[in-house]
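Structure record follows, encoded as structure tokens.
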Amino acid sequence: MLVLDTNDLPLGDRIDAYRTVAVEESGIDAVEEEEPEGTIWRRIELWDLGALTLFTCQGTGMHIARSLRQARRDAWDTVAVSIQVRGDGGFAYHDHQRRITPDSLSLLHMPDGYEYSWSGIGGTLAFMIEAERLTLPTDTVRASVPLLHHSPIGTLLLNHVHGLHRVADQLSGGPGIDALVNATTELTRAWIVSVAGDDRVRSRVAQETLLTRILAYARLHLREPDLTPQRIAWAHNMSVRTLYRLCEDSGLSLEQWIIRRRLEGTRNDLAAPAHQNRTIQSIARSWGFTNAAYFSRRFGHTFGTTPSRWRQISQF
């Protein structure tokens, strides 16, 4: 949902309009613009997904800050995960400073304040949740911030959040939001404790988030034909039998889950104008289907039509 596009406003109102929205939605209290008012641009979109707020911000260069004074004043007990999607910039948290580039992930702990910036045209994709949903000690969250860019779980979280953004318009107010919010929270918890926390906390969170991490891993590698239960089990240091038992205990068939997600991917690509010059077989292969007959049969069984017929009707 579009909240602000400064191009729609008179020149003299643009800076104040952005500052008003930024204070209300992200709790910052200082904004420095890289460009003069006549050339600044900012576009903000926001989606309310229940206990999670997803938002994007893009525009000309800027430096924003949330001071400790502001944190004490408004007492927001929230965390935000920010992905730099365009442009280079910087992130500062206490004594920690880091250069950010596209696909950089940063954890913003609102009770402690932070600084964030980019130069030139840039943009971020972020989500915000209440800190209590993480069920982690505050010291663990704080200790993780300077170390999170070393975590391999960041790749899973990055892919997950991009996926949320792609379907955000359909998700707002729709069914299944609670499950998506829980999955996002679980991945964030796993991300944090992968670099911080004592052994007891790490062990507890690792067990609680295991299935979420497994599905995030599968989603990340959906397009690869060699994505098998054996590979997934190996990546998570478990036996295939343990993997199957974990899925069965959650009422999930792992193979059927993977096939369904791949079929949904092919269906979306077949309907997309960007892929209209590709063959059906090429699209199927790009989603891990190596047998054309098997793909057509599963597609028809799942969606009640053939791939070619679906492509025809989706273009009208």
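Nothing in this text is a laboratory measurement; each read-out follows from the coordinates by a stated rule. Please read all numbers here as calculations on a predicted model, not as lab measurements. Quick reminder, even Gly has a Cβ in these numbers, built from the backbone with ideal geometry, and neighbours come from all protein chains shown.
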Inset, instruction - Give the whole-number value, in cubic angstrom per residue, of the convex hull volume spanned by the C-alpha atoms of region 257-314. - result: 68 Å³
Legend entry - Under the Karplus curve 6.51 cos²θ - 1.76 cosθ + 1.60, θ = phi - 60°, whole-Hz ³J(HN,Hα) for region 46-55, x wherever Gly or Pro sits: 9, 10, 8, 10, x, 7, 10, 10, 9, 8
Inset, instruction - Please order Tyr294, Tyr116, Tyr93 by the number of other Cβ within 10 Å, starting at the fewest. - result: Tyr294, Tyr93, Tyr116
Legend entry - Exposure proxy order (Cβ contacts within 10 Å, fewest to most) of Arg261, Arg200: Arg200, Arg261
Inset, instruction - Report the net charge of residues surrounding Val240, where surrounding means a beta-carbon distance below 12 angstrom and charges are Lys +1, Arg +1, Asp -1, Glu -1. - result: +2
Inset, instruction - Please give the net charge around Thr209, taking every other residue with its beta carbon less than 12 angstrom from that of Thr209, where Lys and Arg add +1 and Asp and Glu add -1. - result: +2
Legend entry - Using θ = phi - 60° and Karplus 6.51 cos²θ - 1.76 cosθ + 1.60, couplings along region 81-94 (whole Hz; Gly, Pro as x): 10, 10, 10, 6, 9, 7, x, 10, x, x, 9, 10, 9, 6
Inset, instruction - Set Lys and Arg Cβ to +1 and Asp and Glu Cβ to -1, take the dipole of the chain about its Cα centre, and tell me which of Ile283, Tyr18, Tyr294 lies farthest positive. - result: Tyr294
Inset, instruction - Using the Cα centre as the reference, give the magnitude of the dipole from point charges on the C-beta atoms of region 257-314 (Lys, Arg: +1; Asp, Glu: -1; all else neutral), rounded to the nearest 20 debye. - result: 120 debye
Legend entry - Farthest positive-ward along region 15-149 dipole, Cα basis, beta-carbon charges - from Trp47, Trp118, Leu147: Leu147
Inset, instruction - Report, in deg cm²/dmol and to the nearest 500, the calculated mean residue ellipticity at 222 nm for the chain, where each DSSP H run with n ≥ 4 adds -39500 (n - 2.57) and the sum is divided by the residue count. - result: -13500 deg cm²/dmol
Legend entry - Centroid-to-centroid separation of region 189-250 and region 1-60 [C-alpha atoms, Å]: 37 Å
Legend entry - Ranked Tyr18, Tyr244, Tyr217, criterion: other C-beta atoms within 10 Å, fewest first: Tyr244, Tyr217, Tyr18
Inset, instruction - Grab the other residues whose beta carbon is less than 10 angstrom from that of Asn7, score K and R as +1, D and E as -1, and report the net. - result: +1
Inset, instruction - Determine, for each peptide in 160-168, 183-191, the mean count of other beta carbons within 10 angstrom over its residues, then list the peptides with the highest first. - result: 183-191, 160-168
Inset, instruction - Provide the convex hull volume over Cα atoms per residue for region 2-220, in Å³. - result: 115 Å³
